[in-house]
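Trainee: The following block contains the structure, expressed as structure tokens.
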């Protein structure tokens, strides 16, 4: 069995129909948050997607795929390893919009309706009509209204943002520029019959001259954390916080894939029978290994894998053995095992990014340092993935 595990890491059977079918079943059971963005063209929807995902591409629209006649969906980081989706309704204000098809397409998934409107734009009839229709059909979906481009309501271009951010307190009414305050309040009256959260933000580019460039983003995160269940917002927020350790472009690209593989392996680890899930979990980790290697333009083989595992000082058998022993504990053990599986995959992925980053720079780190990084990332992964993995387990075993 161990020989099969070892060989699957080096040459995973990616075309194995039965295993891939199992993986698709696991993925379909995973709660994938859908952020439904409603707003006119140039209202700031793309900036919001960039802020949430850290995706630095110039045009998020390049990754959009049509899912209904009026909407496009963006899978992040990609359709293969999707951990979140953005539904972008196009053409609002330009054509008549009936949201029934979009509601039917996403009614069973976790939803947050994000209404995006420029703070100084009061031509919002089409947006409000769509929101009212959606809210009537799905009154339980939370609504967050993001009021963007605050600087357009400042007295002059030299006016700076109010610091500290005041819009989550009552003080903002006294210290906000008059025209901007009146406009923000007027927009809020449009939602008098809807229990919506309002978050003013100003997401700009460095060359625009406003600091900070993502003004109000932390308040937006707090709004998401209040409405998103199962720790999803915590995971998404960690996509920003976790990058402080590794700031190169490769590690940033690898991070969301590591999250995706960790969640998938945690779902696979929900199977309560000892050892049954090992081939699936190992395949998931093998796919993650190859994905990270490809991001760093590295072509692994059997010899290089031996060198990597030796350099990292991490043994696959030790991780699997600990997880399987825990799984033998009735009921409680299975839940813990799923979290440990996800945390192990997360830690492995983060450690591999450190390895490949230093391989590119020609540096050589000690095995002890890699073990320390792995241990730290394992504990971090266990904390940030716990609630989400437990929700996955509930759905997989249901």
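Read-outs: derived from the displayed coordinates by stated rules, not from any lab. Predicted, not measured: the structure shown is a model, and the values here were computed from it. Ideal geometry is used to build each Cβ from the backbone, glycine not excepted, and the neighbour counts take in all protein chains shown.
Trainee: For residue 101 and residue 133 in the same chain, what is the full-extension length gain: residue separation times 0.36 nm, less their Cα-Cα distance, in nm?
Mentor: 10.3 nm
Trainee: Between residue 383 and residue 311, what FRET efficiency comes out of the Förster formula 1/(1 + (r/R0)^6) with R0 = 35 Å and r the beta carbon distance, rounded to 0.05?
Mentor: Efficiency, rounded to the nearest 0.05: 0.85.
Trainee: Taking the Cα-to-Cβ direction at residue 250 and at residue 170 and moving 7 Å from each Cα, how far apart do the two end points lie in nm?
Mentor: 5.5 nm
Trainee: Here's something else I'd like to know. Take every DSSP beta bridge with both residues inside region 32-229 and express the antiparallel ones as a percent of the total, to the nearest 5.
Mentor: Here the share of antiparallel DSSP bridges comes out near 30 percent.
Trainee: Then there is this: Given R₀ = 41 Å, what would the calculated FRET efficiency be for residue 140 paired with residue 372, taking r from the Cβ atoms and rounding to 0.05?
Mentor: Working from the Cβ atoms, E equals 0.35.
Trainee: At residue 90 and residue 218, where each label point lies 7 Å from the Cα along Cα→Cβ, what is the point-to-point distance in nanometres?
Mentor: 3.7 nm
Trainee: Could you give the distance between the Cα centres of region 106-146 and region 188-223, to the whole Å?
Mentor: 15 Å
Trainee: I'd like to compare 167-178, 75-86: which one has the highest average count of other Cβ atoms within 10 Å, and what's the full order after that?
Mentor: Result, highest mean Cβ count within 10 Å first: 75-86, 167-178.
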